[in-house]
Number of protein chains: 2
Amino acid sequence: MTHVASRTVGILAGMGPAAGADFARLFVLACEDWLRTHGHAVVDQAYPAHWMAQLPIADRTRALADPQAPQPLAAMAQGLAQLAGLGAHAVAMPCNTAHAWHAALQRQVPQVELLHMPQETAAELRRRGLDRVALLATEGSYRIGLYEQAFAAQGIACVLPCEAARRWLMEGIYDGVKAGDLPLAQQRFVQAGTQLRAQHGDIPLAMACTEIPLALPQAPEAQGWTLVDPTAILAASLARRAYAGS
Amino acid sequence: MTHVASRTVGILAGMGPAAGADFARLFVLACEDWLRTHGHAVVDQAYPAHWMAQLPIADRTRALADPQAPQPLAAMAQGLAQLAGLGAHAVAMPCNTAHAWHAALQRQVPQVELLHMPQETAAELRRRGLDRVALLATEGSYRIGLYEQAFAAQGIACVLPCEAARRWLMEGIYDGVKAGDLPLAQQRFVQAGTQLRAQHGDIPLAMACTEIPLALPQAPEAQGWTLVDPTAILAASLARRAYAGS
């Protein structure tokens, strides 16, 4: 047994389930990276305890567009409280649009730190010296300016896709990844990226919906593109929280 | 919102963490497959609620070899009880060697069905009409005859690797996958498989340690080999339990 001190952390997921499972993979990789960087042996027992809740939560973009549609807050808050009850000190939520309810969730469950994905991403991009990125996201995220605000706070300019490209993104997310049709997803994401690059050159593309990195980076057309993955950034942030103080 | 009835299930993992994360991916795929087969739309809300515990649990093979070594049972039982407390009706444990404590765990937490990976695998291989497989596993699993018994109960003959091949498997599992060195893992697993096939022809190879399918199927040498993946079989069993009665 090795003796790397760590604290229990949580993952509030299911939005969608494939993205949640992939986040678990990214978190394990981020922990492995942390262990290696800090000179610890990489063995099973050196990883922090982490709990993942994959819950059936009402669609976030639909809820933001229509107050009469099923709303996700109650189920998310219950899952977050359960993660806190399991001892989680910090929780990551691998769904960008769900951050529309970040403040409400943090208010309802104040005993756990709920990481803020757009803010973690903006801070990391600042560290990397980027000052301008294009934003690939859901209609729900655009609607509430989730990333625009976080980027503005770090002085990062934010380029938005046109209406047609936004439609392609939504098709790639919903009819593609969430419905298990990866070839369709890849095609639609590539269409959106191609258009943004035609207009703005080799601009970094922030894959600010957790479904996008499940299909776009593998596309032959996207090889050589500058892709930013907020999900991987969030996973690294959660690993740092788990090992904080070590 | 779709209305596919399902029950909460759990995943008791961390043995190792990469295998646990991959099991979450396999479970999501198994649910997608179930939904498609049963004519349901594949949308986020059609997946069963599932909780995954990735816990730092003492090494199973070491515990079986040395009664003085740290023992895993207490931590596993606590995790299983917590999953039951979250409402899980059935729980899968993506670590083959951990099934040495299956009976003890089921006794301590009788209110949840703890799936038995070797028995689920043996039943599935029987359905597929296989009557002879070679077993790739940990020393701990060989020591207690975990799979040999389950296969014998289904009338399936079990071929075991020689001592050298067993050493290669342990190196691939511990110094390879668990330590984050996939090229080493792949090389060692291929060595063991090559030897078994030289002796027994195109015999199906059961990857009966959750680390093995993280490296072997991707090896160029293994293309065309007949590989059996108990982890994927367990994921499908858990999906069936989650949708039972639907």
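The values are calculated or read from the model by the stated rules, or taken from the named source; none is laboratory data. It should be emphasised that the depicted structure is a prediction, and the values quoted were computed from it without experimental measurement. Every residue, glycine among them, receives a Cβ derived from its backbone with ideal geometry; neighbour counts consider all protein chains shown. The accessibility values were calculated without ligands, DNA or RNA, using every heavy atom of the protein model including side chains. Shrake-Rupley method; radii C 1.70, N 1.55, O 1.52, S 1.80 Å.
Annotation for the stretch A:39-67 versus the stretch B:166-228: alpha-carbon center distance of 30 Å. Using only Cα atoms and rounding to the nearest 10 degrees, what angle (0 to 90) does helix A:17-37 make with the longest principal axis of chain A? Between the helix axis and the principal axis of chain A, the angle is about 60 degrees. The distance separating the Cα centre of the stretch B:113-144 from that of the stretch A:13-37 comes to 29 Å.
Taking the C-alpha atoms only, the angle from helix A:182-200 to the longest principal axis of chain A is near 70 degrees. Dividing the summed helix terms, -39500 (n - 2.57) for each DSSP H run of n ≥ 4, by the number of residues in the protein assembly as shown produces a 222 nm estimate of -14000 deg cm²/dmol to the nearest 500.
Across identical copies of the chain, A:Arg128 has label-point separations of 4.0 nm, listed in ascending order, with the point defined 7 angstrom from Cα along Cα→Cβ. For the protein assembly as shown, the residue among A:Ala74, B:Leu184, B:His99 whose Cα projects farthest onto the positive side of the dipole built from Cβ charges is A:Ala74. Across peptide A:75-86, the average count of Cβ atoms from other chains found within 10 Å of a residue's Cβ is 2. Given in Å, the Rg to one decimal and the Dmax to the nearest whole number for the Cα atoms of the stretch A:118-229 are 13.0, 37.
The C-alpha atoms of chain A define a longest principal axis, and helix A:230-242 lies at about 10 degrees to it.
Using a 1.4 angstrom probe, figure out how much accessible area the stretch B:4-52 has per residue, in square angstrom, rounded to the nearest whole.
Values: 1430 Å² over 49 residues.
The answer is 29 Å² per residue.
Please report, to two decimal places, log10 I(q)/I(0) for the protein assembly as shown at q = 0.07, 0.10 Å⁻¹ as given by the Debye formula with identical point scatterers on the Cα atoms and no solvent. For the requested q values the scattering log ratios are -0.37, -0.77. Chains A and B together bury some 2900 Å² of accessible area, summed over both sides, with a 1.4 Å probe. Ascending distances from the B:Ala198 label point to its copies in the other chains, with the point 7 Å along the Cα-to-beta-carbon line: 5.7 nm.
Placing a label point 7 Å from the Cα of B:Gly224 along the Cα-to-Cβ direction, the distances to the matching points in the other copies come to 3.5 nm, shortest first.
Nearest 5 is fine: what % of DSSP beta bridges in the protein assembly as shown come out antiparallel, could you say? Approximately 10 percent, going by the DSSP bridge assignments.
Relative protection proxy for B:234-241, A:183-190, from highest mean packing down: B:234-241, A:183-190 (other beta-carbon atoms within 10 angstrom).
Annotation: amide H-H contacts under 5 Å for A:Arg132 (H modelled 1.01 Å from N, sequence separation of 5 or more, or interchain): A:Ala157. Ordering A:Glu124, A:Glu113 by accessible surface, largest first, gives A:Glu113, A:Glu124; the 1.4 Å probe counts only protein heavy atoms, with every chain in place. The radius of gyration of the Cα set in the stretch A:159-214, together with its Dmax, comes out at 10.6, 31 angstrom. Once the cut-off is 13 Å, how many percent of the Cα-Cα pairs in the stretch B:26-65 end up in the long-distance tail? Considering the stretch B:26-65, 65 percent of its Cα-Cα pairs are separated by more than 13 Å. The fraction of all Cα pairs in chain B landing in successive 5 Å bins from 0 to the largest distance is 1, 7, 14, 18, 19, 17, 13, 7, 3, 1, 0, given as whole percents. Ellipsoid fit via the Cα gyration tensor, the stretch A:42-105: semi-axes of 28, 12, 10 Å, each the root of five times an eigenvalue, largest first. The residues of the stretch A:3-39 listed by number as losing at least 30 Å² of accessible area in the complex, against the isolated chain and with a 1.4 Å probe, are A:Pro17, A:Ala21, A:Val28.
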